[in-house]
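A.B. asks: Below you will find the structure I want to go over with you.
Computed from the coordinates by the stated procedures, all read-outs in this text should not be read as laboratory data. Just so it is clear, the model here is predicted, and its values are computed rather than measured. Here the Cβ positions follow ideal geometry from the backbone for every residue, glycine too, while neighbour counts run over all protein chains shown.
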Amino acid sequence: MNASQMNWESESEQAHTNVFVLVHRMLRGKYILTLVLASIFGLVGGTLGYMSQEPQFKSVGLIRIQPTLPKVLYDSEQSTAPKMFSSFVSSQAELIRNGDVIQNAIEADEWEPVRRLSSISTPSDIQRGLSVRPDRRAQEIITVSYSHENPLVSTAIVGSVMNAYLAKYGKEGSIDNPEIVNALKKRRVDLMAQRDSLDSQIANRVSSVGTENLTPLIQNSLLKIRQFDAERKKYSDQLAMYEQFEDSKSNSGSDSMTIEEAMVVDPMIADLFNRRNGLVDAREEMMISEGLREEHRDVRRITLMIENSQTQIDKRLEELRSGDIASVPIYEDGKQILSQNVLNARIARIDESAGIEQAKLGELNTISINLESLKEDRSGVQQSISEVNRRLDQIDTESQVDNMKDTLGKISIAGKATEPREPTSDPRKKLALVGFVGASSLPIFVVLGLGYFSHKIQYSDDNILSGASSGIIGMLPDLGASLANQELATASAFAVHQIRSQLQIKAEVGQPQVYCVTSPAPQDGKTSMIIALGLSFAESGDRTLLLDLDFIGRGLSVHFGYPNADSLAEAIDSEEQTNELIQDTDFEGLHILPAGYGDDERVSRLAPRSVARLIKHVRKDFDTILIDTGPILGSVEAVFVAPQADGVIMVVGRGQYKPLVKKAIDQVNAVGGHIIATVFNRASIHELREASSSMSVHFSRQVSRQQEDVDNRPTMRVGPVAGSLFSAKAKSVDTQPPRSTGS
């Protein structure tokens, strides 16, 4: 957007900040139509709303759910208050709304009045109007209600639903509920059959082992297995001695075998060696403690024993070194052990016996575990049977009390369905009000919408006009094609004088003023307004020139009787030829420079310098020059005149499109023109009367009364506003001679 152009979006937002002003603008001029339509629509909507429903008759029934029942002997859920009683009551309320209950109610005999007097036939029809809710003041009470236009229908529905609910769920609160009793008896039969089956399985397990107590058999089997393990370990250790001897033999050479190596492979040498060492220690201790010498008899006896042991060691060592060891026995604790073959045979026999005993132990353990499990299952089944028997005995005992014979248990009907005698609610008035308000608001919103989205200018205070920032906003009425309303015509003349006076006030005193008069589009009443404004300037004493530069429309030339004048485009560069084209009018001080004939084909001759030269020339002889150009958006001459003039007067007709006006104002600003005044033409009579000051209206009425007897002579067609000024000037022309232009 050009820097000189307006930010129309921000202007629009600022103007719409006041909602009431916005609504007033959208409804202005349409208040009566809107009120009439709103009244008609409101009456129709209110009537339809009033007739849409009938008065409702509400039937109410009460269901009581007791938290406890009297205790006879046993404590039961009936004699003990539940922890979640409010939740239980709410769940019962949901059961009443259940489709099965309502379906049972429809199939009951009490439903006959409903079937005969209404069209209600499905559970969903009832559920929409059925109200079931716990009473806040009494926790035990559930209120069931239904509203219908027929009191018999509402009463029948509530009664049928309550009876159907009591028939289906009433026994749930009774201790001798047949369903519970039958379920308990069936449970007892099933448990007893299960117990008999377990007894049979236990008997089969016992018969397979001959006793019910398997602990001694298991312990005896474990003892045998331990004995087998100990005996096998003994023979395995002895057999390991042979293997150790063989390994030592293979790892050590027989010729170089030392006494220490021999002690490892031969227990006999180790025993002899240990015995000899013990004798040596005993001899030394004896000699030291008793102070004996080697020659002593006891010492010599021990020495012989030592030598004998050494002789046996050397002999045994020699046998080992010789390599002949097959016949060498192995000793353990001084006793020779069995041979390797015997040891292997005994170990194999022990392993076989241990395996048989291990399998027997596993079978005993399996039977024992299975038997214990069966006994535990039987104990649980027997406990369940005892519990069922206790529950049946409890029910039989508690149900014998006299004060429970006439009641079904916790659930009972506390209040039967009431038959309403008078309407409990009459929504017709509310619906009539809603219908009236809703229907009457429809045309209002339609008119508001049409006004909001309308792109046409209807009033002089539109933001588009004020957006031109002209400072002067004038308004001229829509008088039609005649001046029949003399009062309004006179008031309109005052409006023109007001525009002229503001222009003169803003002008520099003693300096000629040139105004470019244009419009966004044709048919905005631009020519009529410029004639009226010229008459006003002339009446004020200014030498006024109406310069017709609208080479296409030539409205001024035609209206003043110069449609075939010489072409202004041909003489625009010559001051003498221009002066010759200036013509007098029938009104003192008012002159016209017509565009001439055929100049619509000579528009291309115009240039900014020629237009500037023409304006400079006419400034010398006239006080006010009003230049009539074509629409700013569709003419060449308006673009040339706008920046050369002292101000641009933008004429906008009522009904003109807002986007077109925006573009026209932006175009003037873009070429360097300055909009000094915005004139709203063809305003409604109502707006004109509101906008005029009370003094102007009063004075115009006085003038209108004074001119009632004045003869209306024919006038040329210059528009209704200019016509009112023509009529005022005609008298002075009849009494005074015409003046020349002086040019």
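A.B. asks: With θ set to phi - 60°, apply the Karplus curve 6.51 cos²θ - 1.76 cosθ + 1.60 along region 227-240 and write out the HN-Hα couplings as whole Hz, x wherever there is a Gly or Pro.
C.D. replies: Using θ = phi - 60°, the values come out as 4, 4, 5, 5, 5, 5, 4, 4, 5, 5, 5, 5, 5, 5 Hz.
A.B. asks: Once amide H atoms are placed 1.01 Å from N in the peptide plane, what residues at a sequence separation of 5 or more from Val60, or on another chain, have their amide H within under 5 Å of its amide H?
C.D. replies: Under 5 Å from the amide H of Val60 lie the amide H atoms of Thr418, each far enough along the sequence or on another chain.
A.B. asks: In units of 2.2 N^0.38 Å, what is the alpha-carbon radius of gyration of region 106-186?
C.D. replies: Normalised Cα radius of gyration, region 106-186: 1.35.
A.B. asks: Then there is this: Using θ = phi - 60° and the Karplus curve 6.51 cos²θ - 1.76 cosθ + 1.60, what whole-Hz ³J(HN,Hα) does each residue of region 48-63 get, with Gly and Pro shown as x?
C.D. replies: 5, x, 5, 8, 6, 9, 10, x, 9, 10, 9, 9, 10, x, 10, 10
A.B. asks: Let me ask something else. Once the piece of chain linking Ser540 and Ser289 is laid out straight, how much longer is it, given 0.36 nm per residue of separation minus the C-alpha distance between them?
C.D. replies: 73.1 nm
A.B. asks: So if we plug the beta-carbon distance of Val23 and Val44 into 1/(1 + (r/R0)^6) with R0 = 25 Å, what FRET efficiency do we get, rounded to 0.05?
C.D. replies: The calculated FRET efficiency here is 0.55.
A.B. asks: If you take the C-alpha gyration tensor of region 487-552, multiply each eigenvalue by 5 and take the square root, what semi-axes do you get, largest first, in whole Å?
C.D. replies: Semi-axes from the Cα gyration tensor: 20, 18, 10 Å.
A.B. asks: Given a Förster distance of 45 Å, report the FRET efficiency between Tyr657 and Glu576 from their Cβ-Cβ distance, rounded to the nearest 0.05.
C.D. replies: 0.55
A.B. asks: Here's another thing I want to ask about it. Could you pull out every residue, at least 5 positions away or on a different chain, whose amide H is within less than 5 Å of the one on Val679? Hs are placed 1.01 Å off N in the peptide plane, and Pro or chain starts have none.
C.D. replies: Gly474, Met650, Val651, Val652
A.B. asks: Amide H of Gly596: which non-local residues (sequence gap of 5 or more, or other chain) have their own amide H closer than 5 Å, using H built in the peptide plane?
C.D. replies: Those lying under 5 Å, H to H, from Gly596 are Ala565, Leu568.
A.B. asks: Say each of Ile259 and Arg297 gets a label point 7 Å from the Cα, pointing the same way as Cα to Cβ; how far apart are those two points in nm?
C.D. replies: Going by the 7 Å Cα→Cβ label model, 3.0 nm.
A.B. asks: Label Asn182 and Asp584 with points 7 Å out from Cα along Cα→Cβ: what is the distance between them in nm?
C.D. replies: Roughly 12.8 nm, to one decimal.
A.B. asks: For a footprinting-style exposure proxy, rank Ser59, Ser353 by other Cβ within 10 Å, fewest first.
C.D. replies: Ranking Ser59, Ser353 by Cβ neighbours within 10 Å, fewest first, gives Ser353, Ser59.
A.B. asks: How would Phe560, Phe680, Phe445 line up from fewest to most surrounding beta-carbon atoms within 10 angstrom?
C.D. replies: Going from least to most buried by this count: Phe445, Phe560, Phe680.
A.B. asks: On full extension of the chain, what length is gained from Ser454 through Ile218, given 0.36 nm per residue of separation minus the C-alpha to C-alpha distance?
C.D. replies: Length gained, Ser454 through Ile218: 74.2 nm.
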